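**Student:** First the structure, then my questions, so here it is.
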Amino acid sequence: MAEFQLIERYFSGLSRPDGPVALGVGDDCALLDPPPGQRLAMTMDTLIAGRHFLPDADPFSIGHKSLAVNLSDLAAMGASPAWALLSLSLPQVDDSWLSAFTSGFAALAEAHGVALVGGDTCQGSLSITLQLTGFLAPGQEMLRSAARPGDAIYVTGTLGDAALALQLASAGQEPGELAQRLDYPDPRVAEGRSLSRLGVKACIDISDGLVADLGHICRRSSCGARVYLDSLPLSSPVREYLAAGGDYQPVVAGGDDYELCFTVPPALAPQLRDMPVSCIGEITAGEGVELWDGSGKLLPLPRAWEHFSS
Ligand SMILES: Nc1ncnc2c1ncn2[C@@H]1O[C@H](COP(=O)(O)OP(=O)(O)OP(=O)(O)O)[C@@H](O)[C@H]1O
Ligand SMILES: Cc1ncc(C[n+]2csc(CCOP(=O)(O)O)c2C)c(N)n1
Ligand SMILES: [Mg+2]
């Protein structure tokens, strides 16, 4: 099967032309009608074999994750997802790989109302780039630059599960239930929309680890952050790993969490009472992220995930 047959077989069906998609997969461009009065929120992320997923990863999970990491960026802005463009580089045409990949992608796209409206396909080493567009009413955006001293810092979900799964898998051990968090991140789109509607102004999604991503909020907001290790929300396997003497590096710097980290002024905090979020510290007038343990000791910051750093 060659390029155009492949596009027809695997990607035309994901296009779902409807009202706002005037023209999807198949022409020189997609033609799209954004809803009046909404801004477009646009993001893009790449997944590369060996860099973002293990070479033997299930293609269904790669399809899921390539969309999930982009949905997570829209969630962090408070946007609603709408359209995707998919650029695929494949070493060869492998039918079973492509059908599993597109099924994983389609299942998550369906769950979030995302239409695939176009893309590009070429032969090369395995790499997936997804561009995702969403909508956002002006004034509802959550920015990295909007944290203020005195704000409380919150996160959704639990931290460190995916990084610990990767650490175990890389050491040839069985990650058990943690594997799900590495392979199938659950982007916090509904939570992002709710937070933005509540009036939360500062948010980021945690892809490179808490310390690095909260660090982006600090730099862009010209403030500091105090985080309390004992306040971090942890799953049972991560708790057990720490209790057995495991290092906190995967929890605060391993990355791949795809949880939201956001800050809230004291007046807004009571409105979060019924949400599944955890307060982990506060924004200060200082600079950079500080990590404190339960006995009041300042902890050294582990090195964060960063491309070109090793
Ligand atoms: N090659 C590039 N050209 C233009 N802008 C870029 C490029 N690479 C990154 N950016 C922009 O830089 C900013 C930070 O990008 P970065 O990839 O670090 O954020 P992110 O996508 O939220 O994080 P992650 O990729 O870890 O999920 C974003 O606004 C992004 O659009
Ligand atoms: C095989 C393998 N090695 C390492 C990792 C960890 N990892 C890769 S990229 C990244 C940050 C987000 O990426 P980006 O900044 O490119 O969006 C993290 C935490 C992984 N998932 N699989
Ligand atoms: Mg990125």
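The values are calculated or read from the model by the stated rules, or taken from the named source; none is laboratory data. All values derive from a computational prediction rather than experimental measurement. Here the Cβ positions follow ideal geometry from the backbone for every residue, glycine too, while neighbour counts run over all protein chains shown. Surface areas here come from the heavy atoms of the whole protein model, side chains and all, with no ligands, DNA or RNA. Shrake-Rupley method; radii C 1.70, N 1.55, O 1.52, S 1.80 Å.
**Student:** Give the stretch 233-259 a look and list any residue that's within 15 Å of ligand 2 (Cβ to nearest atom) and not in a loop (DSSP other than H, G, I, E, B), or say none.
**Tutor:** The answer is Q249, P250, V251, V252, A253.
**Student:** Any residue at all in the stretch 19-40 that's free of Cβ contacts under 8 Å to residues at least 24 places away in the same chain, within 16 Å of ligand 2 (Cβ to nearest atom) and surrounded by fewer than 22 Cβ atoms within 10 Å (Cβ to Cβ)?
**Tutor:** So far as the stretch 19-40 goes, no, none of its residues is free of Cβ contacts under 8 Å to residues at least 24 places away in the same chain, within 16 Å of ligand 2 (Cβ to nearest atom) and surrounded by fewer than 22 Cβ atoms within 10 Å (Cβ to Cβ).
**Student:** Oh, and also: Against the condition in contact with a strand residue (DSSP E or B) (Cβ under 6 Å, 6 or more places away or on another chain), open to solvent by less than 60 Å² (accessible area, probe 1.4 Å) and charged (D, E, K, R), how does D120 come out, does it pass?
**Tutor:** no
**Student:** In addition: Residue by residue through the stretch 46-85, note down the ones that are part of a helix (DSSP H, G or I), closer than 17 Å to Y10 by Cα and not hydroxyl-bearing (S, T, Y).
**Tutor:** P59, F60, I62, G63, H64, L67
**Student:** Looking at the stretch 198-221 only, could you name the residues that are of a type in the set (S, T, N, Q) and either free of Cβ contacts under 8 Å to residues at least 60 places away in the same chain or under 18 Å from M44 (Cα atoms) (or both)?
**Tutor:** S207
**Student:** Another question about this same structure. Name the residues in the stretch 223-245 that are in contact (Cβ under 8 Å) with a residue 24 or more places away in the chain and either closer than 15 Å to L299 by Cα or over 21 Å from the mean Cα position of the chain (by Cα) (or both), would you?
**Tutor:** Correct list: C223, G224, A225, R226, V227, Y228, L229, D230, S231, L232, P237, Y241.
**Student:** I'd like the residue in the stretch 1-18 that is hydroxyl-bearing (S, T, Y) and surrounded by 15 or more Cβ atoms within 10 Å (Cβ to Cβ) and, out of all such residues, is farthest from G118 (Cα to Cα).
**Tutor:** Here the residue is Y10.
**Student:** Here is a further query. Step by step: first the residues of the stretch 83-116, then only those that are more than 21 Å from the chain's Cα centre (by Cα) and open to solvent by less than 40 Å² (accessible area, probe 1.4 Å), then the one that is nearest to V189 (Cα to Cα). Which residue is that?
**Tutor:** Step by step, filter the stretch 83-116, then rank; the result is A100.
**Student:** Output the residues belonging to the stretch 263-310 that are touching an Asp or Glu at 6+ places or on another chain (Cβ under 6 Å) and within 16 Å of ligand 2 (Cβ to nearest atom).
**Tutor:** A304, W305 - these are the residues of the stretch 263-310 that are touching an Asp or Glu at 6+ places or on another chain (Cβ under 6 Å) and within 16 Å of ligand 2 (Cβ to nearest atom).
**Student:** Can you spot a residue in the stretch 214-221 that is open to solvent by 30 Å² or more (accessible area, probe 1.4 Å), over 16 Å from the mean Cα position of the chain (by Cα), over 30 Å from G24 (Cβ atoms) and modelled with pLDDT of 95 or more?
**Tutor:** Yes, there is a match, as at least one residue in the stretch 214-221 is open to solvent by 30 Å² or more (accessible area, probe 1.4 Å), over 16 Å from the mean Cα position of the chain (by Cα), over 30 Å from G24 (Cβ atoms) and modelled with pLDDT of 95 or more.
**Student:** Name the pairs whose Cβ atoms lie under 7 Å apart, with the first residue in the stretch 105-132 and part of a strand (DSSP E or B), the second among the aromatic types (F, W, Y), and 6 or more positions between them or separate chains?
**Tutor:** A115/W83; L116/F11; V117/W83; G119/F11
**Student:** Let me ask another. Restricting attention to the stretch 58-82, which residues are open to solvent by 10 Å² or more (accessible area, probe 1.4 Å) and under 12 Å from L126 (Cα atoms)?
**Tutor:** P59, the sole residue that qualifies.
**Student:** In the set L214, L178, which member is within 15 Å of ligand 1 (Cβ to nearest atom) and either in the same structural domain as L54 (by TED's automatic domain parsing) or not charged (D, E, K, R) (or both)?
**Tutor:** Residue meeting the stated conditions: L214.
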